[in-house]
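Input: a single structure, listed below in structure tokens.
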Amino acid sequence: MKTQKVTIHTLRTMKERGEKIAMLTAYDATFARLLDEAGADVLLVGDSLGMVIQGNDTTLPVTLDEIIYHCRAVARGAQRAQVVGDMPFMSYQTSIEQGMANAGRMVKEGGAHAIKLEGGAQHAELVYRLVAAGIPVMGHVGLTPQSFHQMGGFKIQGREPGGKDRLLDDARALAEAGAYAIVLEGIPSEIAAEITAAVAVPTIGIGAGVGCDGQVLVCYDMLGMDDSFKPKFVRRFEQLSLRIRTAVQAYVSDVRSGAFPGEQESFALDPRSATPAPDARVYSTVAKK
């Protein structure tokens with residue numbers, strides 16, 4: 001039976017029905033397959049790969065070519081989930097034409113079903129042009145990691161005077177320009193709930209409370225793969241850092257003791273055949289000479 005793909009219309013219907021949307025980041029085909037099979041609705045190839053895959057302190061060093069590479073891998077592993085590619089820093093801020101060309105590459109070369117870009121009303125025209133060209137756009141307002149230096153770090157947004165109105169205006173501008181969904185990151189839950197009620201498109205929260213239409217987490221954070229990273233908005237549904245270390249320690253121990261590989265992991269000559277294996281015949285011929 002053919003798998004029903006998650007599309008922008010699927011997500012809109014989920015909002016209308018009050019069904020929550022589950023979104024996770026993914027960076028390779030194996031993780032994409034596992035997350036997809038487990039029921040994730042959307043897989044975001046986030047520029048967070050700069051931190052969790054590359055080991056950088058911010059998302060800023062990630063390049064367009066790197067995002068496209070990871071998009072291709074995730075697209076191969078996903079069967080049902082929608083695949084969204086993150087537009088990296090300075091891949092769309094210079095001009096509308098630059099944003100159009102680079103978003104097109106992410107869809108054509110990366111296999112992304114949609115793209116995500118950070119920022120509000122200032123990018124409404126680009127969103128409108130992309131949607132008109134047939135490229136679905138997911139917006140992103142609130143704490144926008146690509147503005148790390150301008151914001152003075154990873155700080156909750158919307159608490160400052162006029163902050164709520166600014167966020168509402170940004171979300172409305174993106175929705176009116178044609179964005180099919182909006183990520184709300186690092187904002188008070190009351191503001192996120194108000195934005196969710198104010199726009200017709202789904203909102204996906206991260207550190208924005210339960211009032212959003214869905215939630216997103218970095219898969220490595222959700223799986224507990226970094227003991228040192230403990231932000232308030234993350235819930236660890238597993239402690240894979242401990243389980244992975246335990247498994248590797250067992251592997252190292254068995255290799256050093258000679259317990260691995262055992263007979264079950266080793267190959268032997270077929271006792272039913274009197275003819276040596278091809279490699280053995282070649283070796284015997286050479287040895288006789």
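The values are calculated or read from the model by the stated rules, or taken from the named source; none is laboratory data. Being a predicted model, the structure only gives us computed values, none of them experimental. Heads up, the Cβs are rebuilt from the backbone with ideal geometry, glycines too, and the neighbour counts pull from every protein chain shown.
Yes/no per residue for (1) assigned to a loop (DSSP other than H, G, I, E, B); (2) modelled with pLDDT of 95 or more; (3) within 21 Å of T144 (Cα to Cα); (4) in contact with a helix residue (DSSP H, G or I) (Cβ under 8 Å, 6 or more places away or on another chain):
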site	(1), (2), (3), (4)
P88	yes, yes, yes, yes
A101	no, yes, no, no
R105	no, yes, no, yes
E125	no, yes, yes, yes
L130	no, yes, yes, yes
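In the range 155-172, which residue that is buried (at least 21 other Cβ atoms within 10 Å of the Cβ) and either of a type in the set (F, W, Y) or in contact (Cβ under 8 Å) with a residue 40 or more places away in the chain (or both) is farthest from H113 (Cα to Cα)?
L167
What pairs can you find where one residue is in the range 73-100 and more than 16 Å from K116 (Cβ to Cβ), the other is among the aromatic types (F, W, Y) and part of a loop (DSSP other than H, G, I, E, B), and their Cβ atoms are less than 9 Å apart, with a gap of 6+ or different chains?
A73/Y27; Q98/Y92
Go through (1) in a helix (DSSP H, G or I); (2) buried (at least 18 other Cβ atoms within 10 Å of the Cβ); (3) of a type outside the set (S, T, Y) and name the single condition E97 misses.
(2)
Find the helices (runs of 4 or more DSSP H) located wholly in the range 1-80 whose residues include 2 or more that are under 15 Å from the mean Cα position of the chain (by Cα), and list them.
The helices (runs of 4 or more DSSP H) meeting that bar are 29-37, 49-52, 64-77.
Select, from D36, D41, D57, D28, the only residue that is of a type outside the set (V, I, T) and touching a His at 6+ places or on another chain (Cβ under 8 Å).
That would be D28, the only listed residue that is of a type outside the set (V, I, T) and touching a His at 6+ places or on another chain (Cβ under 8 Å).
How many of the residues making up the range 179-195 are outside any helix (DSSP H, G or I) and buried (at least 24 other Cβ atoms within 10 Å of the Cβ)?
So the answer is 6.
If the Cβ limit is 6 Å and pairs must be 6+ apart or interchain, which residue in the range 122-145 that is touching a residue at least 40 places away in the same chain (Cβ under 8 Å) pairs with which residue that is basic (K, R)?
If the second residue must be basic (K, R), the pairs left are M138/K116; H140/K116.
What number of residues within the range 204-220 satisfy the criterion of being at negative phi and in contact (Cβ under 8 Å) with a residue 40 or more places away in the chain?
Residues in the range 204-220 being at negative phi and in contact (Cβ under 8 Å) with a residue 40 or more places away in the chain: 10 in total.
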